[in-house]
Amino acid sequence: MFRIYILTRFLLFTHLLLYSHIMRKKLIIVMLMMFGIISMGRVCRNMTQTIHGYTPSFHLNKGNKVIYGEYGGQEQVWDVGKADANQVLLMSAIGLGDFPIYDASIATSCTLQPSSPNDFYLYCPKTLLYNELSNISLNAGETALTIDVPFLPTLKQIENGGTLGLTVSDREFKDDTIYWLEGSLNVHSYDAGCYGYRLWNTLMIGRTSSDRNLSIVPAFYDSGNTPFSPSNRIDHVASTKSNTSFTPNTYTLRPFAIINRDVVFAASTGYVDGNLHSYVETIGIPGDKVTANAMQLRVKDSSMNASLLDIKNKNNTSITKAAKNATVKIQVNANKVQNSHISILLYDTVSHEILYYKVIASTISGTNNYEVDLTGVPIGKYDLAVLNEDIDSTSGRAMLASQISDTMPLEIVAPHKLTYTKTPQSGASAGNDYEFSKNANVGQAVGKVTANPMGVTPLTYTLEANGDNSYLNFEVDGLDANGASSSTPLNVKVKTGAPDLVNGGLKAGNYKFCI
């Protein structure tokens with residue numbers, strides 16, 4: 001804000017000279033900025049809401065990195081392998097470790113090929129792997145999401161054209177890591193002078209693996225004679241026992257899981273610190289083993305709610321615009337659940353993509369106002385929505401949340417900048433700006449105030465004291481009944497009924513005021 005001083009004194013008892021000086025006053029800048037916000041909102045609220053209001057949707061995308069479950073005391077990161085209208089396929093981003101499938105206690109259940117020169121345990125059940133998968137624990141939110149708990153994928157699911165809809169590039173690790181698959185292959189092989197079929201365990205080969213011979217063909221499904229192409233990068237393996245020695249094959253365990261579309265939002269775990277964050281999805285290439293900045297899932301809980309009712313300035317007047325770095329209020333109806341917090345999401349008005357996210361405050365049940373510091377949000381047009389989420393900053397595991405609310409428009413504009421310029425009317429003697437009874441009379445302009453940039457309009461103007469009551473002699477011209485105007489510049493003039501008038505003109509004296 002600018003502080004304007006107008007000083008007057010008699011010259012030879014007949015001349016009145018006024019001087020003006022401009023000073024910045026930061027506190028009043030802020031106050032006027034907020035006054036501008038006040039006066040705009042109600043006029044445009046209904047029309048703008050009808051045009052721009054919508055219910056946002058959130059979808060996980062292929063390549064997203066998300067946290068789901070815990071294994072061995074560690075939160076697990078998963079690749080989104082595929083997402084469609086009904087469900088999301090997760091693939092463990094890193095194998096759980098190296099595991100055999102043979103154990104002496106279950107060896108009798110392996111399929112034995114007795115005609116071989118050595119005994120072959122060609123196909124063994126995955127009991128050891130199933131036991132290990134059962135050690136992946138899920139919390140309440142993750143359990144609510146789950147369609148199919150962590151499992152070994154079958155050949156029918158992940159082959160080319162399989163039911164999970166994965167390509168080779170989707171399902172392979174991008175290094176040489178090999179992982180176990182469910183199911184088996186019948187391999188047409190020559191043994192003891194005749195051809196026969198043997199049942200083999202199956203593996204998914206890593207991209208750079210060179211220790212597997214994929215040229216062994218033909219291979220068939222165990223349910224028929226349909227050739228199984230090596231282009232699937234799925235191989236077969238047998239564990240061999242010779243007399244008393246036995247060397248089991250060990251490969252990594254990579255669980256898959258299927259969850260439903262009740263994920264209402266997901267963000268990097270560091271986003272819940274209460275600061276403004278430019279929203280970026282953690283996304284990469286499935287199987288690249290990248291786990292940094294994995295996203296925390298928000299799971300829809302029908303018992304939680306959040307509705308955005310209004311956006312206001314500090315005086316509780318509805319607004320659609322706010323000055324850059326201002327603080328506004330949002331009126332929200334929500335319910336407190338455990339450690340739930342109200343968060344805001346700012347969307348691009350055209351693409352509806354999330355641009356910014358910020359946790360605001362702990363949820364208070366009922367309808368309440370929450371202050372939102374918009375510092376750091378660039379100038380531009382946004383749509384604002386709220387989310388009620390049960391935040392646990394100590395964990396990246398899935399947490400419960402409401403649906404994202406409908407949006408309301410909020411434009412961030414440049415703050416006001418006011419300047420004052422003295423503009424004495426003609427009539428004063430040479431060398432003087434103002435002269436008693438000549439150009440400092442009722443209705444005559446002594447200066448003008450200019451807003452550039454205008455910021456939020458209309459602006460509400462007041463003249464205030466600067467150490468005395470001489471400000472009562474002046475007024476800003478062209479204001480409406482609320483003291484507001486969207487025009488610039490505006491004249492500052494001597495007002496009718498000014499207390500220091502003598503015969504219709506200002507008497508000698510010092511005059512000071514703030515705008």
Residue that is farthest from Leu418 (Cα to Cα) [pool: residues in region 453-493 that are within 50 Å of the chain's Cα centre (by Cα), open to solvent by less than 60 Å² (accessible area, probe 1.4 Å) and polar (S, T, N, Q)]: Asn466
Residue that is least open to solvent (accessible area, probe 1.4 Å), among those in region 346-371 that are outside any loop (DSSP other than H, G, I, E, B) and of a type in the set (D, E, K, R): Lys358
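Matching residues to (1) modelled with pLDDT of 95 or more; (2) touching a strand residue (DSSP E or B) at 6+ places or on another chain (Cβ under 7 Å); (3) in a loop (DSSP other than H, G, I, E, B); (4) not charged (D, E, K, R):
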{"residue": "Ala267", "(1), (2), (3), (4)": "yes, yes, no, yes"}
{"residue": "Lys289", "(1), (2), (3), (4)": "yes, no, yes, no"}
{"residue": "Asn293", "(1), (2), (3), (4)": "no, yes, yes, yes"}
{"residue": "Ile311", "(1), (2), (3), (4)": "yes, yes, no, yes"}
{"residue": "Ala322", "(1), (2), (3), (4)": "no, yes, no, yes"}
{"residue": "Lys329", "(1), (2), (3), (4)": "yes, yes, no, no"}
{"residue": "Asn333", "(1), (2), (3), (4)": "yes, yes, no, yes"}
{"residue": "Ile344", "(1), (2), (3), (4)": "yes, yes, no, yes"}
Odd one out for Gly162, checked against (1) assigned to a loop (DSSP other than H, G, I, E, B); (2) surrounded by 18 or more Cβ atoms within 10 Å (Cβ to Cβ): (2)
Every residue from region 494-515 that is open to solvent by less than 40 Å² (accessible area, probe 1.4 Å) and not in a loop (DSSP other than H, G, I, E, B): Val494, Gly505, Leu506, Tyr511, Phe513, Cys514
For Leu297: the one exception among (1) loosely packed, with under 15 Cβ neighbours inside 10 Å; (2) touching a strand residue (DSSP E or B) at 6+ places or on another chain (Cβ under 8 Å); (3) touching a residue at least 40 places away in the same chain (Cβ under 8 Å): (1)
Any hit, region 364-386, residues being modelled with pLDDT of 95 or more, more than 16 Å from the chain's Cα centre (by Cα) and under 26 Å from Ile259 (Cβ atoms): no
Close pairs from region 150-169: first touching a residue at least 24 places away in the same chain (Cβ under 8 Å) and small (Gly, Ala, Ser), partner part of a strand (DSSP E or B) and open to solvent by less than 30 Å² (accessible area, probe 1.4 Å), Cβ under 9 Å, at least 6 apart: Gly165/Gly81; Gly165/Leu89
Every pair of residues 6+ apart whose Cβ atoms lie under 6 Å, when the first sits in region 461-487 and is within 15 Å of Thr450 (Cα to Cα) while the second is among the charged types (D, E, K, R): Glu475/Lys495; Asp477/Lys493
Any chance Ser402 is surrounded by 15 or more Cβ atoms within 10 Å (Cβ to Cβ), within 25 Å of Asn293 (Cβ to Cβ) and either modelled with pLDDT under 95 or touching a Lys or Arg at 6+ places or on another chain (Cβ under 8 Å) (or both): yes
Residues that are in contact with a Lys or Arg (Cβ under 9 Å, 6 or more places away or on another chain) and either open to solvent by less than 40 Å² (accessible area, probe 1.4 Å) or closer than 14 Å to Ile515 by Cα (or both), drawn from region 437-449: Gln444, Ala445, Val446, Gly447, Lys448
Top-ranked residue of region 414-436 - restricted to ones that are of a type in the set (A, V, I, L, M) and open to solvent by less than 40 Å² (accessible area, probe 1.4 Å), ranked as nearest to the chain's Cα centre (by Cα): Ala414
Lys289 being open to solvent by 30 Å² or more (accessible area, probe 1.4 Å), touching a residue at least 24 places away in the same chain (Cβ under 8 Å), more than 30 Å from Gly206 (Cβ to Cβ) and among the basic types (Lys, Arg): no
Counted residues, region 129-149 - those being open to solvent by 50 Å² or more (accessible area, probe 1.4 Å) and over 27 Å from the mean Cα position of the chain (by Cα): 7
Some residue of region 373-386 being of a type in the set (A, V, I, L, M) and open to solvent by 30 Å² or more (accessible area, probe 1.4 Å): yes
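The values are calculated or read from the model by the stated rules, or taken from the named source; none is laboratory data. This structure is a prediction, so every number in the text was calculated from the model and none was measured. Every residue, glycine as well, gets a Cβ built from its backbone with ideal geometry; the counts of neighbours run over all protein chains shown. Ligands, DNA and RNA are stripped out before the accessible areas are found, and what is left, the full protein with its side chains, is counted by its heavy atoms. Shrake-Rupley method; radii C 1.70, N 1.55, O 1.52, S 1.80 Å.
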